[in-house]
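FYI, it's all coordinate maths here, none of it is from the lab. Given the structure is predicted, the values throughout are model-derived calculations rather than measurements. As a convention, Cβ positions derive from the backbone with ideal geometry for all residues, glycine included, and neighbour counts pool all protein chains shown.
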Amino acid sequence: MDFMFLNLDEFIIYGEILSRFLLMIPGPSIVNYETLLDMAKPTLSHVSAEFDQIHRETLEMLKKVFGTSGSVILIPGSGTAGIELGVRSSLKPGEKAVVLKTGFFGDYLAEAARRIGVKVDVIESPLGKGFGEENVKELLSRGEYDAVLLQHVETSVAVYNPVDKIAKVAKKYGVKVIVDGIASIGGMEMKMDEWGVDVCITGSQKSLATPPGLAIVAYRSGFIPLTDNETLYFNVSKLLSEMESTRNYYITPAVNMVYALYSSLNRIMKEGLEARYKRHEVFAKAVQEGLEALGLKLVAEEPFRANTVTAAYLPNGIEWVKLYGEMHARGVEIAGGLGALRGKIFRIGHMGEVTAHEIIATLATLERSLMKLGYRIEPGSAIKVAQEVLFIHGF
Ligand SMILES: Cc1ncc(COP(=O)(O)O)c(C=O)c1O
């Protein structure tokens, strides 16, 4: 069956097709059936004791993932809603912030801060590189900035920033640290309290392996969110009260989405955070080395390569739309470039629920798709390398 012409009903009717179609984009990521089924449970009253218990346990598990004993806000919305809430509740008009931009999503942080009257400087890293301690030390030692904002993983270029080191420097200069962890949380380690990350934002649809629809903002222990920029929806005081108990109704929680997140977090806890981060590290290495074995150039350079997504330049003469079409026709969905990199790169997400055989299937499909488009490779060269990486690490 040609996947390109399936409509949503067919996906639902032929459940087995859905399970064979690989969603290998950098979010939304594959959602486990168990989680999808949990999501289909009857909708409870959002102010019932039963739902409050699920909500409470969900927040407790999220705190473990963020590495904080502070507080977490969970609201209906995409990751950008989390950015808006996180920025509004940590910065005030007249403050000066620096955004460490490693790609497309850096502008989201800058825009969110500007919209509340924060003076924003954007410092851009060379393409494919993240920021090191030294860059940050130099920037913050001037004493100009109240806050530093950055992506933990910049999805558009698959670049990782060493937030642990950057936050340590920022703390030395008394600068607030606001991190977009939308593409990292659940797949790469975050220790907000230990590292000194004041605010960290994520969404449900990436490494937390839950469908899109929830925005999550965490505040480190001891950080008091600011109420200066509250709006009707992004009202941190009222939302925090609702997080204490959903009986303190302010906005209606996305009840079934919370079931899904609860389900997925239980899976995460069962796997164990360390094991999960290690798995992401190994899978990233398998994909990255596999792509390099095909002669492809990765966008991110070491040591700035993310463990949740990989981006590579399209080889000369290979058009993105054609590569996408060949992959899609073979049942694997990958992503293209964003902004200025549209048509120049492709991206593979390897986060959340993804398994070793899905990594191999994706690379194998990429090999055949590239061959179909006339790119000369030795069939099996990517999967050979990836197999070795996976095998060495016990997969
Ligand atoms: C790092 C990063 N920040 C922000 C966003 C925006 O999130 P959303 O599309 O969920 O609003 C994304 C989405 O891909 C992202 O990867």
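Side notes on the structure shown:
- The Rg/Rh ratio for the chain, using Cα coordinates for both the radius of gyration and the Kirkwood hydrodynamic radius, is 0.97.
- Aspartates and glutamates whose Cα lies under 16 Å from that of Lys171, excluding same-chain neighbours fewer than 8 positions away: Glu133, Glu134, Glu138, Glu144, Asp146, Asp193, Glu194, Asp198
- Candidate cross-link partners of Lys165 among the lysines, defined by an alpha-carbon separation under 16 Å and a same-chain spacing of 8 or more, comprise Lys129, Lys137, Lys176, Lys191.
- Summary of packing: across the peptides 246-255, 202-211, the per-residue average of other C-beta atoms within 10 Å ranks them, highest first, as 202-211, 246-255.
- Sorting the segments 132-139, 38-45 by their residues' average number of neighbouring beta-carbon atoms within 10 angstrom, most packed first, yields 132-139, 38-45.
- Here the ratio of the Cα radius of gyration of region 132-258 to 2.2 N^0.38 Å is 1.15.
- Separation of alpha-carbon centers, region 331-395 and region 123-168, rounded to whole Å: 29
- Phi angles of region 319-328 translate, via the Karplus equation with coefficients 6.51, -1.76, 1.60 and θ = phi - 60°, into HN-Hα couplings of 8, 4, 4, 6, 4, 4, x, 5, 5, 5 Hz per residue; Gly and Pro are given as x.
- Listed peptides 275-286, 175-186, 331-342 by packing density, highest first (mean Cβ within 10 Å): 175-186, 275-286, 331-342
- Count of Lys pairs (Cα-Cα under 20 Å; at least 8 positions apart or interchain) in region 255-395: 11
- The local environment of Met243, defined by Cβ-Cβ distances under 12 Å, has a net charge of 0 under the rule Lys, Arg +1 and Asp, Glu -1.
- Computed [θ] at 222 nm, deg cm²/dmol, the chain (DSSP H ≥ 4; -39,500 (n - 2.57); rounded to nearest 500): -12500 deg cm²/dmol
- If you bin all the Cα-Cα distances of region 208-268 at 10 Å, starting from zero, the percentages per bin are 18, 46, 33, 3.
- Region 267-320 and region 71-93: distance between their alpha carbon centers, rounded to Å: 28
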